[in-house]
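Colleague: Handing you this structure, nothing more for now.
FYI, it's all coordinate maths here, none of it is from the lab. Worth saying up front: this structure is predicted, and the values here are computed from it rather than measured. Positions of Cβ are generated from backbone atoms using ideal geometry, with glycine treated the same way; all protein chains shown enter the neighbour counts.
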Amino acid sequence: MAVVAAAFGRDRRIFFRYRLQILRIVLDPLVWFAPLYFLGRAFGGGPFRDYTSFALLGVAVTSYIGTVMWGIGFSLKQDMDTGVLEANWLSPASPSLQLLGRVVWSLVLGTAESLLSLGLAGVVYGLQGQWQALPRALAYIGPMLVALYGFGLGFAGLVLVVRQANTITDAGQFILSTLSGQSMPVGDLPRGLAALAMALPTTYGLDALRTLVLGGAPLLPLPVEQRLLAIMAAALAAAGAAVFWAVERHVRRAGTLALH
Amino acid sequence: MSALWAGVRRSLLMKLRYPDFWFAYLAWPVIFPAAYLLTAGALAQGGHGFAGYRADIVSGTLMWMWVNVTCWSVGGALRQEQTGGTLESNWSSPAARWALLTGPALTDIGLSLAGMVLGALECTLLFGVRWAAPWPVAAAVAVASVPWVLGVGLVLAAMVFWAKDVSVMVNLVRGLFMVACGITCPLAVLPGWLQRVGGALPMTYALDAMRGGPWGTDLVRLLGFDVGLAALGALLFAGVEASVRRRGALGTY
């Protein structure tokens, strides 16, 4: 517990040390939503009843993808660059527990970002919905987050292997967000991409949230989506942890932990 | 000149060392516009006008990507040296500092420009994009944009020295271009006050020329931005760097 708390405290301290980061968190949702908002306006909202709210919920939920990939995977790359990764991991504190502390901080930061993006962008661009349904949506968002963070552990393993994370993090976040239906219904994707989208937990978490808050028909019946999310959460958490442990063992044995 | 060449070589070596190099320059410039094309397709639902709109989206998103990559690479490279602990030693060497900075910067600008040109070709083949501007105009816009893009990069590099952070600065600058230049829509869709902000940014005119606007006027304006932004970037960077050296803060991050 002490290791998790220490890692959490370290990441929190680093975040608040660079106070301009807070400005980024405030502005990011407004900036990244702007192209979608103006695209929606250019087409008069298209066939959507309320495209702004549809896309805003998409941006808020998929912002967790960025938090996971940048917060867990990319932060390992930063440790590599600054030369502290090997020293930290050779200490008696378990690397997995150090990573868990980072995951918890990332979850706190991601939730703050997500709520802020809904609140701030909601005020600026206009957001509507049945918000009393939000507590029910947590039953879908919870397992989605477990699955997403499981994926994040596996992604952290990948960063340890390729030792460069900028493009794969940036592109990975964008691809997963788009496939999850961030800015359009998954049904409007080309068939091959739609099949991929149906294998992502964020697709179901976002779809359930939109159905409950904005109304409309879900992709699958909601109880089915809930069961799928529970299965994905268990599978991705187990797979992500297994990948991370395997890669960690490999880089330790190969002696490449300090390389970048 | 040898320091400049050494900077170019080092930057190229480091880029080719990592396996994501090819993905960054071959696949990413198609994936990014494709996401907005798919969204526009869902909004248009096969309606009229979407075919002509594709080129607007592709030109806007690719141009923005170019600025984005430059912002990250010029400012980010300095930040990486700061955190990696090599900045102070490299910059204390007798090599000209402008060469240490512009070598990697020009490599990045050139490589990412090549990536964007390739992305435009790929989008033309994959999505049937029909361009409003003839290719000599597009090439002239690209060439005329190099100095102002470099100028933006230098301004960011100065900010990295000052703020000891790169991500916030990059987000602010690229965010401004993203919101105010109409990367996914014609400028007329933006509210009036935002159009006026866009009017003060060079990317607006580069996009206007690419989208079939009066390219002669746009190119003259771009040249004005070239002089202004390149000079501003160079002056700002020189000033901040001198101040950081005086305070002995080159190695701190």
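Colleague: Let's test the formula: R0 of 45 Å, r as the Cβ-Cβ distance of A:W245 and B:F21. What FRET efficiency results, to the nearest 0.05? Can you show the working numbers first?
Modeller: Working: r = 29 Å, r/R0 = 0.64.
For R0 = 45 Å, the calculated efficiency reads 0.95.
Colleague: For labels at A:A112 and A:A93 in the simple 7 Å Cα→Cβ model, what's the distance in nm?
Modeller: 1.9 nm
Colleague: For the range B:146-186 and the range A:1-42, what is the separation of their C-alpha centers, rounded to whole Å?
Modeller: 18 Å
Colleague: Also: For the peptides A:186-195, A:155-164, what is the packing order when you average, over each peptide's residues, the other Cβ atoms within 10 Å and list the highest mean first? Provide the component values of the computation, followed by the final result.
Modeller: Working: A:186-195: 13.7, A:155-164: 19.8.
Sorting A:186-195, A:155-164 by mean packing, highest first, produces A:155-164, A:186-195.
Colleague: Ok, one more. Answer rounded, prolate or oblate for the range B:24-158, using the Cα gyration tensor with square roots of eigenvalues a ≥ b ≥ c: rounded when a/c is under 1.5, else prolate when a/b is larger than b/c, else oblate. If you can, show how the numbers build up before the last one.
Modeller: Numbers: a/c = 3.29, a/b = 2.34, b/c = 1.40.
Prolate is the answer for the range B:24-158, as a/c is 1.5 or above and a/b outweighs b/c.
Colleague: Assign one of three labels to the range B:148-226, namely rounded, prolate or oblate, based on the Cα gyration tensor with a ≥ b ≥ c the square roots of its eigenvalues; rounded applies when a/c is under 1.5, prolate when it is not and a/b is larger than b/c, and oblate otherwise. Walk me through the intermediate numbers first.
Modeller: Numbers: a/c = 2.84, a/b = 1.59, b/c = 1.79.
Cα axes put the range B:148-226 in the oblate bin.
Colleague: Size of the dipole of the range A:3-143 about the Cα centre, Lys and Arg at +1 and Asp and Glu at -1 on the beta carbon, nothing else charged, in debye to 20? Could the numbers behind the result be given before it?
Modeller: Details: 11 positive and 7 negative charges, 49 e Å.
Using only the charged Cβ atoms, the result is roughly 240 debye.
Colleague: Right, here's the next one. Where Lys and Arg each count +1 and Asp and Glu each count -1, what net charge lies around A:V251 among other residues with Cβ under 14 Å from its Cβ?
Modeller: Spelling it out: positives minus negatives among the neighbours equals +2.
Colleague: Just to verify a number: FRET efficiency for A:L193 and B:A132, C-beta to C-beta distance, R0 = 25 Å, to 0.05? Can you show the working numbers first?
Modeller: Numbers: r = 28 Å, r/R0 = 1.12.
Using R0 = 25 Å, I get an efficiency of 0.35.
Colleague: Classify chain B as rounded, prolate or oblate, taking a ≥ b ≥ c as the square roots of the eigenvalues of its Cα gyration tensor: rounded when a/c is under 1.5, otherwise prolate if a/b is larger than b/c and oblate if not.
Modeller: Working: a/c = 2.09, a/b = 1.73, b/c = 1.21.
In terms of gyration-tensor shape, prolate.
Colleague: Over all Cα pairs of the protein assembly as shown, how is the pair count split among 20 Å bins, expressed in % and running from 0 up to the last occupied bin?
Modeller: In order of increasing distance, the bins hold 22, 56, 22, 0 percent.
Colleague: Could you tell me the relative contact order of chain B? Use alpha-carbon pairs under 8 Å, at least six residues apart, and round to a whole percent. List each step's numbers first, then the result.
Modeller: Numbers: 302 pairs, mean separation 70.6, N = 253.
That works out to 28 percent.
Colleague: Still on this structure, I have one more. Return the Rg/Rh ratio of the range A:2-254 with Cα-based radii and a Kirkwood Rh.
Modeller: Values: Rg = 18.6 Å, Rh = 19.0 Å.
We get a ratio of 0.98 for the range A:2-254.
Colleague: I've got another one for you. Let me check against my output: what whole-number percent is the relative contact order of the range A:2-254, with C-alpha pairs under 8 Å and at least 6 apart?
Modeller: On the way: 299 pairs, mean separation 71.0, N = 253.
Reported relative contact order: 28 percent.
Colleague: Taking each residue of B:189-199 in turn, how many C-beta atoms of other protein chains fall within 10 Å of its C-beta, and what is the average?
Modeller: Values: counts 7, 4, 2, 0, 0, 2, 0, 0, 0, 0, 0.
Mean partner-chain Cβ count within 10 Å for B:189-199: 1.
Colleague: Still on this structure, please answer the following. I'd like to know which of A:T52, A:L209, A:G187 lies farthest towards the positive end of the charge dipole of chain A, counting +1 on Cβ of Lys and Arg and -1 on Cβ of Asp and Glu.
Modeller: With unit charges placed on the Cβ atoms, the residue in question is A:L209.
Colleague: Angle check, please: helix B:215-246 long axis (alpha carbons) against the longest principal axis of chain B (alpha carbons), in degrees 0 to 90, nearest 10.
Modeller: Compared with the principal axis, the helix lies near 20 degrees.
Colleague: Which residue, chosen from B:V160, B:L194, B:V244, occupies the Cα position most advanced towards the positive end of the dipole of chain B, where the dipole is computed from +1 (Lys, Arg) and -1 (Asp, Glu) charges on Cβ about the Cα centre?
Modeller: Going by the charge dipole, the pick is B:V244.
Colleague: So, one more: Would you please put B:158-166, B:239-247 in order of how densely packed they are, using the mean number of other Cβ atoms within 10 angstrom per residue and starting with the highest? Display every interim value, and only then the final one.
Modeller: Working: B:158-166: 20.8, B:239-247: 14.1.
Final packing ranking: B:158-166, B:239-247.
Colleague: Between A:R10 and A:A217, what length in nm is gained on full extension when 0.36 nm per residue of separation is reduced by their alpha carbon distance?
Modeller: On the way: separation 207, 0.36 × 207 = 74.52 nm, distance 4.39 nm.
Length gained between A:R10 and A:A217: 70.1 nm.
Colleague: Which helices, counted as full DSSP H runs in chain A, have an axial Cα extent of no less than 27 Å and a Kyte-Doolittle average of 0.0 or above? Could you put the intermediate results ahead of the total?
Modeller: Values: long enough: A:20-42 (33 Å, 1.20); A:95-116 (31 Å, 1.05); A:134-162 (40 Å, 1.73); A:222-254 (46 Å, 0.80).
Flagged H segments are A:20-42, A:95-116, A:134-162, A:222-254.
Colleague: At what distance in nm do the modelled label points of B:A95 and B:V197 sit from each other, each positioned 7 Å from its Cα along Cα→Cβ?
Modeller: Output for this residue pair reads 3.9 nm.
Colleague: Same structure, new question: Between the range B:1-73 and the range A:207-260, what is the separation of their alpha carbon centroids in Å?
Modeller: 28 Å
Colleague: Moving on. Around A:R17, with a cut-off of 13 angstrom between Cβ atoms, what is the net charge of the other residues, counting Lys and Arg +1 and Asp and Glu -1? Could the numbers behind the result be given before it?
Modeller: Values: positive: A:R10, A:R12, A:R13, A:R19, B:K164; negative: A:D11, B:D165.
Neighbour charge sum, excluding A:R17 itself: +3.
Colleague: Over all directions, average the projected area of the Cα convex hull of the range A:73-137 and note it in nm².
Modeller: Numbers: hull surface 26.4 nm².
It is 6.6 nm².
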